[in-house]
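Here, each number is a calculation from the coordinates, and none is a lab measurement. Since this is a predicted model, take the numbers as computed values, not measurements. A quick note on method: Cβ atoms are made from the backbone with ideal geometry, for glycine too, and the neighbour counts reach across all protein chains shown.
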Amino acid sequence: MDQIFVAQNQVEPADVLNTGGSDDAAEFGKTTDYEPEVVGGIVEICRSPVEAALIRSAALRGFRATVAEMQADAEQFARSVGVPIPALDADEIPISPVSLVELLNHAAAILECPDLGLRIAGRQDLSALGSLATALQSCATLGDALDCATRYLFVHSPTIALAVVPDPYGAAGVEALRYSIPARGRNDSQAIDLGLGAIHRYALALAGGRYGLRSVELPHRPAAPLSSYEEFFQAPVRFGCSAALLRVPCSLRRQPIPGGGNRHLRELAEALLIEQLPTNANAILAPRVRAALHHGLGRTPVDIATIASRLSVTPRTLQRRLAEEGTSFSVILDDVRRHTAARYLTDTTMALSDVATRLGLAEQSILTRYSKRWWGVTPTTLRRHGTLPRSRT
């Protein structure tokens, strides 16, 4: 799991502005982290809401062309696993993530192409992310873009997650981007190669070239020769690791995005992403709550009633649905504050009083208390070191 400490004590309503939901606050402490357990780089969320989630067919960009290069029929492969034929050429057709995995595995086996996932990833670009691509390209720095991606990636695919975690080797000045997909008890190596490969391509596009990739960690055995992986990533690649990671320098967060910094365009794109939040009854709520909290934190009330209204559900229904997904409103709110505080404290010189306000906290002293609970150090100490401490647990 993410090695940033998450407290087990209850959030005190008096510490925050407009938190509301006192009954829900009492649940805080029953769960140590919003994120589900990660085993082998795969998030263990196998509950029905996740299983029922669909992803955008943009994930298949490049499949038809890649298969055609090998003189094969992409449509035949799609029919064999129940993927709609139009999904091979359009971005917005909902498809099952299970069908995507089966399609990749089936095609790789029949074509005897063990690096199929990497080949398809090589044809991916930012435009596959739709409105999220506009938001990312409008960010001022790569750190801002990463923060935006972790908030809204679920609009592109509700079943995957991107998170920043401490370097697994404890190297100074290095952190890792962790890519996770739901565990489904089958060989997901092609899907992981495609997903992590696409993230690598997006990073190259945003950075305008090489971005200091230290190494790549993959949880599975090599599907193709090592040289295929290292040629694609242009970095050392290790297999059989605990998670799918891109190890990058912490300084990457401060790197400007060429042509970025259009705050107005970014706000418009993020507003559009909020409007695109799925509203069907089976949609996963936790990432939608997280996105709504990120968007409103420091701007509007972030109590449970306000967020529930924004998501068109009642507060009681919101609490129940989040409990079914293994989390709670208080846990997500605390994690959003923790994530946002980490960014402000390590990537900006914003006054601590302003950081507290941006987090919706009533006083700077509360920020200090929260920082000690989250990381075991004061905000000033954290800012001086410039990196997050490893877990206290």
Q) For S242 and R254 in one chain, what is 0.36 nm times their gap in residues minus the Cα-Cα distance, to one decimal in nm? A) 1.6 nm
Q | Dipole axis of the range 132-192 (+1 Lys, Arg; -1 Asp, Glu on Cβ), positive-most option in V164, L146, L132 | A | L132
(Q) Report for the range 126-254 the percent antiparallel among DSSP-assigned beta bridges with both residues inside it, nearest 5. (A) 90 percent
Q) What does a probe at L272 reach in the range 74-107, counting residues whose amide N is under 19 Å from the point 7 Å along Cα→Cβ? A) 90-94
Q) Along the charge dipole of the range 53-121, which of S96, A74, G62 sits closest to the positive end, that is, farthest toward it, with unit charges on the beta carbon of Lys, Arg, Asp and Glu (+1, +1, -1, -1)? A) S96
Q: Filter the trypsin sites (Lys or Arg not before Pro) in the range 133-214 to those in DSSP coil with at most 14 other Cβ atoms within 10 Å of their Cβ, and list the result.
A: R186, R210
Q.
Nothing charged except the Cβ atoms of Lys and Arg (+1) and of Asp and Glu (-1): what's the magnitude of the dipole of the range 126-254 about its Cα centre? Round to the nearest 20 debye.
A. 80 debye
Q: Report, to two decimal places, the Cα Rg of the range 53-121 normalised by 2.2 N^0.38 Å (N = number of residues).
A: 0.98
Q: Work out the length of the dipole vector of the range 299-393 about its Cα centre, built from +1 on the beta-carbon of each Lys and Arg and -1 on the beta-carbon of each Asp and Glu, and round it to the nearest 20 debye.
A: 200 debye
Q. In debye, nearest 20: dipole of the range 148-199 around its Cα centre with unit charges on the Cβ of K, R (+) and D, E (-)?
A. 200 debye
